[in-house]
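The values are calculated or read from the model by the stated rules, or taken from the named source; none is laboratory data. Bear in mind the structure is a predicted one, so any value in this text is a computation, not a measurement. Cβ placement follows ideal geometry from the backbone for every residue including glycine, while neighbour counts extend to all protein chains displayed.
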Amino acid sequence: MTDIREKIVKAVSEGRADTGSQEIINSLLTGGLQHVLLSSTCPKKEKDSILYYCALSNTPVDVIPESSVELGSICGKPYQISAAAIK
């Protein structure tokens, strides 16, 4: 799990990360995402939509054990993030 955390931190610092379910879905529709991460507390409707579009675009997706609050902290944001993606 440390490897995923390091990838997120690096992608955020380099400006290669998307956050927010709608932004991630839009990026999945246009292509260009390497990996999608969902927090363990991601709402079911958002999770199902993102999983569907990841399957259509053959983008790997992982549900990480961290909560939305922890994922927000990892991304350096002072708010909850239920989904993050690496471009």
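Observations on the model:
- In this structure, residue 49 does not satisfy being within 15 Å of residue 24 (Cα to Cα), surrounded by 15 or more Cβ atoms within 10 Å (Cβ to Cβ) and touching an Asp or Glu at 6+ places or on another chain (Cβ under 8 Å).
- Residue ID - farthest from residue 26 (Cα to Cα), chosen from residues in the stretch 59-80 that are surrounded by fewer than 19 Cβ atoms within 10 Å (Cβ to Cβ) and among the aliphatic types (A, V, I, L, M): 69
- Condition check for residue 38: surrounded by 19 or more Cβ atoms within 10 Å (Cβ to Cβ) and under 13 Å from residue 87 (Cα atoms): no
- All positions within the stretch 26-60 that are closer than 16 Å to residue 11 by Cα and among the β-branched types (Val, Ile, Thr): 36
- If you go through the stretch 22-35 and keep only what is surrounded by 14 or more Cβ atoms within 10 Å (Cβ to Cβ) and either of a type in the set (Gly, Ala, Ser) or closer than 16 Å to residue 81 by Cβ (or both), you end up with 24, 25, 27, 33, 35.
- Residue check for residue 74: of a type in the set (A, V, I, L, M, F, W, C), at pLDDT 90 or above and closer than 20 Å to residue 9 by Cβ: no
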